[in-house]
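Colleague: Okay, here's the structure, questions in a sec.
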Amino acid sequence: QVQLVESGGGLVQPGGSLRLSCAASGSIFSITAMGWYRQAPGKQRELVAVISSAGSTNYADSVKGRLTISRDNAKNTVYLQMNSLKPEDTAVYYCNIKYRLWDWGTLKNYEFWGQGTQVTVSS
């Protein structure tokens, strides 16, 4: 069973900072990508940032220059450094991993979601 442990969420004032972390464990053969998604009340879940196992990154336009994703492959951990936070960043943030696992001679693709952590930027 894959497990994702998220931490770092909380309440901050506009302009403040938070650092989210997500540690993956379990029967994972190879992580291909890790990322952060968020869902605000009444809205669809959206991509915030992703990072491949090789280190390539992609960000939503709304967070470029303010949020930075990084990872420690040895620890299967992904981080999201959040600076200059805005009220619009308020959402539940979900960690996501995409990984591969052998299943009776076949390498299959899987994904798994964390439980979510609340980030609230007050005004």
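The values are calculated or read from the model by the stated rules, or taken from the named source; none is laboratory data. None of the values given here were measured: they were computed from a predicted structure. FYI the Cβ positions are ideal-geometry reconstructions off the backbone, even for glycines, and counts take in every protein chain you see. Please note that ligands, DNA and RNA were not included when accessible areas were found on the heavy atoms of the full protein model with its side chains. Shrake-Rupley method; radii C 1.70, N 1.55, O 1.52, S 1.80 Å.
Colleague: Out of all Cα-Cα pairs in the chain, roughly what percent, to the nearest whole number, are more than 19 Å apart?
Modeller: So the portion of pairs separated by more than 19 Å is 45 percent.
Colleague: Which lysines, on any chain, are close to Lys86 with Cα under 27 Å apart, when same-chain ones fewer than 8 places away are left out?
Modeller: Straight-line reach from Lys86, under 27 Å: Lys43, Lys64.
Colleague: With every protein chain left in place, what is the accessible area per residue of segment 5-123 in square angstrom, probe 1.4 Å?
Modeller: Counting only protein heavy atoms, the per-residue value for segment 5-123 is 54 Å².
Colleague: Which residues does the label zone of Ala54 cover in segment 12-39, counting backbone N under 14 Å from a point 7 Å along Cα→Cβ?
Modeller: Residues passing the 14 Å test: 32-33.
Colleague: Accessible area of segment 1-85 with a 1.4 Å probe: how many percent of it is carbon plus sulfur?
Modeller: 45 percent
Colleague: At 0.36 nm per residue, minus the direct Cα-Cα distance, what do Glu46 and Gln1 gain on full extension? Give it in nm, one decimal, please.
Modeller: 13.7 nm
Colleague: A further question on this structure: Taking the chain as a Gaussian network, where each spring joins two C-alpha atoms under 10 Å apart, which residue of Gly26, Gly35, Gly55 fluctuates the most?
Modeller: In the Gaussian network model the winner is Gly26.
Colleague: Work out the FRET efficiency for Gln13 and Trp113 from their Cβ-Cβ distance, taking R0 = 35 Å, and round it to the nearest 0.05.
Modeller: It comes out at approximately 0.75.
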